[in-house]
1. Going highest first, how would you order 156-164, 93-101, 139-147 by mean Cβ packing within 10 Å?
2. Using r as the Cβ-Cβ distance of residue 152 and residue 47, and R0 as 45 Å, what FRET efficiency do you calculate, to the nearest 0.05?
3. Can you give the FRET efficiency to the nearest 0.05 for residue 163 and residue 100, using r as the Cβ-Cβ distance and R₀ = 25 Å?
4. Using Cα centres only, tell me the gap between segment 87-116 and segment 130-148 in whole Å.
5. How far apart, in nm, are two points set 7 Å out from the Cα along the Cα-to-Cβ line at residue 108 and at residue 62?
6. Using all Cα-Cα distances in segment 89-170, what percent lands in each 5 angstrom bin from 0 up to the longest?
């Protein structure tokens, strides 16, 4: 089974004192100061050449400070979902090359959405997207794992010669 992003983050961050990391980042900013040019107002109207670095450090601080709460909320959500029964596929989905997931009733709905994004100027290629499903555990799974989930959940019996799930099988 593929690992969800939250599970992956939890595993990578286990043993790391996020509060300490956050404090160290704050100390770095206090010690080194922000990267501002002479005459800069040093506020939200900053237009210095170092603005992107300042914004990046500030964003990193916000993310690190929010991680423990987000991971705890995700674990609570996963526990609540487990109370509702086995993991099943709930809708068709495609995963784009950049990792974004588009959900829809049928795979064609997802592909049509990707094409609209592409026509609007998004640098994506719908033809290379991986087709799969989105589950009750907020995971993207491919067609083969989707079939396994549905069979294990008793949604339908294994079919001879068919090893992948189709969106038509969900409804």
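Laboratory data are not the source of any read-out in this text; all were calculated from the coordinates shown. As the structure is a computational prediction, the values presented were derived from the model and not from experiment. Note that each Cβ is placed from the backbone with ideal geometry, even for glycine, and that neighbours are counted across all protein chains shown.
1. Highest to lowest by the protection proxy: 139-147, 93-101, 156-164.
2. After rounding to 0.05, the efficiency reads 0.20.
3. After rounding, the FRET efficiency stands at 0.40.
4. The distance from the Cα centre of segment 87-116 to that of segment 130-148 comes to 10 Å.
5. Between residue 108 and residue 62, the simple spin-label model gives 4.1 nm.
6. Going from the shortest bin to the longest, the percentages are 3, 17, 26, 22, 15, 9, 5, 2, 1.
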